[in-house]
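Here the structure is laid out as structure tokens; the discussion comes afterwards.
The values are calculated or read from the model by the stated rules, or taken from the named source; none is laboratory data. No experiment lies behind these values; they were computed from the predicted model shown. Backbone-built Cβ (ideal geometry, glycine too); neighbour counts: all protein chains shown.
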Amino acid sequence: MKNLHIIIISLILFASCKSPEARMPESVQSGSFLKESAERNKKLNEKESKQIQKIIKNNPEKTYIASESGFWYTYNNQVEADTIQPQFSDIVNFDYNVSTINGKEIYSKENKTYIMDKEELFTGLREGLKLLKPSESATFIFPSQKAFGYYGDDKKIGTNVPLICEVTLNTITQTQNND
């Protein structure tokens, strides 16, 4: 009888021990944040596009090319010879100046060695380097989303700043193992 009481009490305790149910997160399904963000980005893109078109219009002596990636560039020194262009994992050395779209200098005469697509470099510059041959020089106009976007560079470039970069590709060292 004593064992029967222990078993009944154990079953009652076991049945009453129920793990707590997970609470479902509360979410707002209105989509208003996404709509507002998309509208803000659309206005920013329109504003930057107008600024870039004004620069291009004010420099009729230069031929600007619209890249497939969403930035513009003009050659300052173009090499006509058929030569190499940077590929994945090639080591490139280049000089560059960075200024705002209004001409305010940010970085002057910087020199950088970079392993293509294996190190951090802002999107526009990485894509722009792939267009150049050794000893070529170009001026790139990057809308903010191709530059440092919303975050800036944590140093001198703020939020949503379109950039003008003058770049000279000095050398390309091809790697044996382009993986």
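Annotations for the structure displayed:
- Hey, Gln87 surrounded by 12 or more Cβ atoms within 10 Å (Cβ to Cβ), on the phi < 0 side of the Ramachandran plot and in a loop (DSSP other than H, G, I, E, B) or not: yes
- Candidate set: segment 138-172, residues that are among the polar types (S, T, N, Q) and not in a loop (DSSP other than H, G, I, E, B); chosen: the one nearest to the chain's Cα centre (by Cα): Gln145
- Counting the residues of segment 90-104 that are within 16 Å of Tyr73 (Cβ to Cβ) and either touching a helix residue (DSSP H, G or I) at 6+ places or on another chain (Cβ under 9 Å) or buried (at least 18 other Cβ atoms within 10 Å of the Cβ) (or both) gives 4.
- Checklist (1) closer than 21 Å to Gly149 by Cα; (2) hydroxyl-bearing (Ser, Thr, Tyr); (3) out of contact with any strand residue (DSSP E or B) (no Cβ under 6 Å at 6 or more places or on another chain) applied to Ser135, failing item: (1)
- Subset of segment 35-72 (residues that are over 24 Å from Thr159 (Cβ atoms) and in a strand (DSSP E or B)): Ile65, Ala66
- Test result for Lys35, among the basic types (Lys, Arg), at pLDDT below 90 and exposed (fewer than 12 other Cβ atoms within 10 Å of the Cβ): yes
- Evaluation of Ala81 against the conditions (1) surrounded by 15 or more Cβ atoms within 10 Å (Cβ to Cβ); (2) part of a loop (DSSP other than H, G, I, E, B); (3) over 17 Å from the mean Cα position of the chain (by Cα); (4) aliphatic (A, V, I, L, M) shows that the sole unmet condition is (1).
- Inside segment 90-104, residues that are in a strand (DSSP E or B) and either touching a Lys or Arg at 6+ places or on another chain (Cβ under 9 Å) or farther than 13 Å from Cys165 by Cβ (or both) make up a count of 8.
- Within segment 105-126, the set of residues being in a helix (DSSP H, G or I) and surrounded by fewer than 20 Cβ atoms within 10 Å (Cβ to Cβ) comprises Thr123, Arg126.
- Residue among Ser69, Ser99, Ser30 that is within 19 Å of the chain's Cα centre (by Cα), modelled with pLDDT under 95 and not acidic (Asp, Glu): Ser69
- All conditions in (1) in contact (Cβ under 8 Å) with a residue 12 or more places away in the chain; (2) part of a strand (DSSP E or B) hold for Ser135, with the sole exception of (2).
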